[in-house]
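None of the figures in this text is laboratory data; all of them are computed from the coordinates on show. Just so you know, these numbers come straight off a predicted model, no measurement behind them. For neighbour counting, all protein chains shown are included, and Cβ atoms are generated from backbone atoms with ideal geometry for every residue, glycine included.
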Amino acid sequence: MELFINRISKANQFIISILLVSFIAAVCYILSGFIGYKVVAFILLFTVSLLAITLDILPVLAAAVLSALIWDFFFIPPHFTLWVSSTEDLILLLMYFIIALVNAVLTYKIRQIEKIARQKEEKANTVKLYNTLLNSLSHELRTPISTIIAATDNLQAGNSKLNEVHKNELIAEIAKASFRLDQQVDNLLNMSRIDAGFIQPKKDWCDITEIIYDAAHRVEENDILQQIHISIHPGIPLFKLDKGMLEQILYNLLNNAVIYTKPTCSIKVSATFYADILEIVVEDDGPGFPKAEINQVFEKFYRLKNTVTSGTGLGLSIVKGFVDAQKGSISLENIDTGGAKFTIAIKGETSYLKI
């Protein structure tokens, strides 16, 4: 609201207030045969109140004065004069004028207080977010960078004790650390795009089976020990969705399940459809989520309080952002027998013509 107001110049705000009061007064004048002039006062006062919660103080004060003059000139008998013949009407006019001005000033003051409180809250949230980001990234970025530096130093030192096996192991460590670093940078870039509101889905016909298997294969390339089981409805059609977003959603969910479950656990991905709604479920037989924290897992940089695993806490918030960008929904629940269950539902165009 404040952003909208700031975009309107003072001159335009004066014009808006004058035109709105004049229009409402004209409508009331046309209906004056059906409503009394005292009712008109309430209608004009309500109009000034609406202006008071949307415009700056000076245009609202101008509207209050104008509405009082219009009410006096056109509605209070005798008409078409500022003279008020009745003492009662004079008192009503003075009370209207005072109430309109006081209402405008108080409403403006309330808005200013709310604005200051909102700015303080935003500042506090910014500081908290900065501290959380700094704490998370200080470890998540430093660890792979340190690994890369140490491995490259060993390779460049020309140590005669390093045989081909050791060199290959160091190269593998560099590749693994580089991949981890690239993941963190991608997460930060995706989160910044979501926060900025610049993310727009690029919809195209997608083979859901192919996307799910590709996401699972990317996770399995990290040499995981958990087993991923895939179950897809055989009649599932093509869906017109953003392929990149959907694959990243599945990758983040699967990677999250791998991080927070034991190596002996299994992960299941199932996909089905209901008319034009795609439903994908990712579940595991791990420990699940603490009930007290289950509603916070999609928040930025949020990590479970008692977890010992590393991470920036961006994976699930990106999932939520990508699902929301495609006008879908995602829910999380614990399974009674143990484990967590994510359910995604996205509506899209369908086609049974394979491409």
Charge sum, other residues only, whose C-beta stays under 10 Å from residue 211's C-beta, Lys/Arg counted +1 and Asp/Glu -1:
-3
Between residue 273 and residues 5 or more places away or on another chain, the pairs with built amide H atoms under 5 Å apart involve 279
Label-point gap, in nm, between residue 124 and residue 146 - each point 7 angstrom along Cα→Cβ:
3.4 nm
Around residue 337 (Cβ within 12 Å, Cβ-to-Cβ, excluding residue 337; K/R +1, D/E -1) the net charge comes to -3
How would you rank 111, 142, going from fewest to most other Cβ atoms within 10 Å of each one's own Cβ?
142, 111
How many nm is it between the label spots at residue 166 and residue 109, if each spot is 7 Å from the Cα in line with the beta carbon?
7.8 nm
Any lysines with Cα under 26 Å of the residue 240 Cα? List them, leaving off those in the same chain fewer than 8 positions away.
202, 203, 268, 320, 327, 341, 347, 354
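Return the percentage of antiparallel bridges among DSSP beta bridges fully within the stretch 204-351, rounded to the nearest 5 %. Walk me through the numbers on the way to the answer.
On the way: 26 of 32 bridges.
Percentage antiparallel, nearest 5: 80.
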